[in-house]
Every structure is written in structure tokens, then in C-alpha cells.
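Right, one structure below, let's go through it.
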Amino acid sequence: MYMKDLDFALIGQRIKELRVEQQLTQENLADMTNVNTSHISNIETNKVKVSLTLLVNICNALDTTVDYVLGNEYHHASSVTEKELLNVAKDMTNEKQEILLRIAKVL
């Protein structure tokens, strides 16, 4: 079975985008994942390949999925606003979700 090589540049880019979006510094993320700040920098700039264990820890710290960071087709809310909309919508009835969708399409 053929397995596609992982795009570590994309992985680093997505980690950086999520970190910046959450207003975290590399130092903050490093502290949250028990690694050196330089290691986070090296991951984000594709100078090193992130280990699976650290990738999971980073994803947990950034409240995202490994699937999203790996670049698969999984759609994950990429902004705080999207996450909040999804959280609000998930508690609604189907009827209210449909109303919300129609309103959003008008905007």
C-alpha cells in the first residue's frame, strides 16, 4: 500500500496559523507542550519534523485535531468565530439550525 509523504511544511504552517490566531507566542506553546521555544520555531519553519507525540500535544494545546493539522479534508473551524458558531448551532434543534443557515446565507 502506498502512503503519501507528510507535508511537514504545511503542518508547521498550520500550527503557526492556529497559534497566532489564538494569540499565543511560540514560548507560550512551548510551555504548554513542555518543549523549548526553539523547537516550536523549528517545527513551524520546517527545520525539524514533529514527532507524533508532540503533534498530539500541540493539537491538544491548540484545541484542534491532528487531522486538520495534517492537511486532510476534514473541515475544522479555523477561527474563534467559527468555533463559537458551531458551538451555538450544535445545541439547536434542526429547525433552528435551518433558520440560522438561511439567515447566514442572506448576510
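The values are calculated or read from the model by the stated rules, or taken from the named source; none is laboratory data. Keep in mind it's a predicted model, so treat the numbers as computed, not measured. Every residue, glycine among them, receives a Cβ derived from its backbone with ideal geometry; neighbour counts consider all protein chains shown.
For segment 26-95, give me every one of the helices (runs of 4 or more DSSP H) that falls completely inside it and has 3 or more residues that are hydrophobic (A, V, I, L, M, F, W, C) and either under 22 Å from Leu10 (Cβ atoms) or out of contact with any Phe, Trp or Tyr (no Cβ under 6 Å at 6 or more places or on another chain) (or both). It would help to see each step written out before you state the result.
Working: elements: 26-33, 37-44, 52-61, 66-70, 80-90.
Of the helices (runs of 4 or more DSSP H) lying wholly inside segment 26-95, those with at least 3 residues that are hydrophobic (A, V, I, L, M, F, W, C) and either under 22 Å from Leu10 (Cβ atoms) or out of contact with any Phe, Trp or Tyr (no Cβ under 6 Å at 6 or more places or on another chain) (or both) span 26-33, 52-61, 66-70, 80-90.
Being modelled with pLDDT of 90 or more, in contact with a Leu (Cβ under 6 Å, 6 or more places away or on another chain) and not aromatic (Phe, Trp, Tyr) is true for just one of Thr25, Thr64. Which residue is that? Break it down into steps so the answer makes sense when it comes.
Numbers: Thr25 fails: in contact with a Leu (Cβ under 6 Å, 6 or more places away or on another chain).
Exactly one of Thr25, Thr64 is modelled with pLDDT of 90 or more, in contact with a Leu (Cβ under 6 Å, 6 or more places away or on another chain) and not aromatic (Phe, Trp, Tyr), namely Thr64.
Being more than 11 Å from the chain's Cα centre (by Cα) and touching a residue at least 24 places away in the same chain (Cβ under 8 Å), is that true of even one residue in segment 56-76?
Checked against the condition, which is being more than 11 Å from the chain's Cα centre (by Cα) and touching a residue at least 24 places away in the same chain (Cβ under 8 Å), segment 56-76 yields at least one hit.
Do the conditions hold for Asn46, that is, is it surrounded by 14 or more Cβ atoms within 10 Å (Cβ to Cβ), modelled with pLDDT of 90 or more and at positive phi? Write out each step before concluding.
Details: surrounded by 14 or more Cβ atoms within 10 Å (Cβ to Cβ): yes; modelled with pLDDT of 90 or more: yes; at positive phi: yes.
The answer is yes for Asn46.
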